[in-house]
Amino acid sequence: MDTPTLWRSALLQLVAVALLSIALALALPDDFFVDWGWLVGPLAWLLCAGFTARILALPLTPTLIGAVLAGLPSLLAVVVGAHWAGAVVAVGLFALWCARLRRRDDPLGA
């Protein structure tokens with residue numbers, strides 16, 4: 001596991017999700033999220049993961065697969081009414097995935 005990638009990916013994903021969430025909340029009415037949040041949320045998460053992959057020079061497809069897998073536990077959080085707690089857990093799992101990717105991609109295995 002590459003520890004610097006762990007922290008960078010966690011910070012980037014957290015900031016990207018927060019900024020995009022704020023922008024969407026300011027631009028769209030609340031009822032939009034009631035009707036379309038189930039679609040927009042995961043798409044926004046994947047967009048932010050793609051951004052994180054690009055900035056950290058991680059392979060896109062494996063990074064997006066990790067974002068999908070990391071996002072699955074947050075579904076339970078949404079069901080029990082703890083949406084943002086699920087997002088924090090997803091960011092942590094995503095960061096672990098990214099750190100693992102960096103380690104596996106390292107040709108020297110360092």
**Asked** Quick one: which of 28, 46, 56, 12 is aliphatic (A, V, I, L, M), touching a Lys or Arg at 6+ places or on another chain (Cβ under 7 Å) and open to solvent by less than 70 Å² (accessible area, probe 1.4 Å)?
**Response** 56
**Item:** Pairs with Cβ under 8 Å, 6+ apart, first in region 62-87 and farther than 19 Å from residue 21 by Cβ, second part of a helix (DSSP H, G or I) and among the β-branched types (Val, Ile, Thr)
**Value:** 63/52
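Table: residues versus (1) part of a helix (DSSP H, G or I); (2) open to solvent by 70 Å² or more (accessible area, probe 1.4 Å); (3) polar (S, T, N, Q); (4) modelled with pLDDT of 95 or more.
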{"residue": "7", "(1), (2), (3), (4)": "yes, yes, no, yes"}
{"residue": "17", "(1), (2), (3), (4)": "yes, no, no, yes"}
{"residue": "20", "(1), (2), (3), (4)": "yes, no, no, yes"}
{"residue": "37", "(1), (2), (3), (4)": "yes, no, no, no"}
{"residue": "51", "(1), (2), (3), (4)": "yes, yes, no, yes"}
**Fill in**
Across region 60-101, the tally of residues that are open to solvent by 40 Å² or more (accessible area, probe 1.4 Å) and part of a loop (DSSP other than H, G, I, E, B) stands at 2
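The values are calculated or read from the model by the stated rules, or taken from the named source; none is laboratory data. Computed from a prediction, not measured in an experiment: that's the story for all the values here. Note that each Cβ is placed from the backbone with ideal geometry, even for glycine, and that neighbours are counted across all protein chains shown. These accessible areas exclude ligands, DNA and RNA; they are computed on the full protein's heavy atoms, side chains included. Shrake-Rupley method; radii C 1.70, N 1.55, O 1.52, S 1.80 Å.
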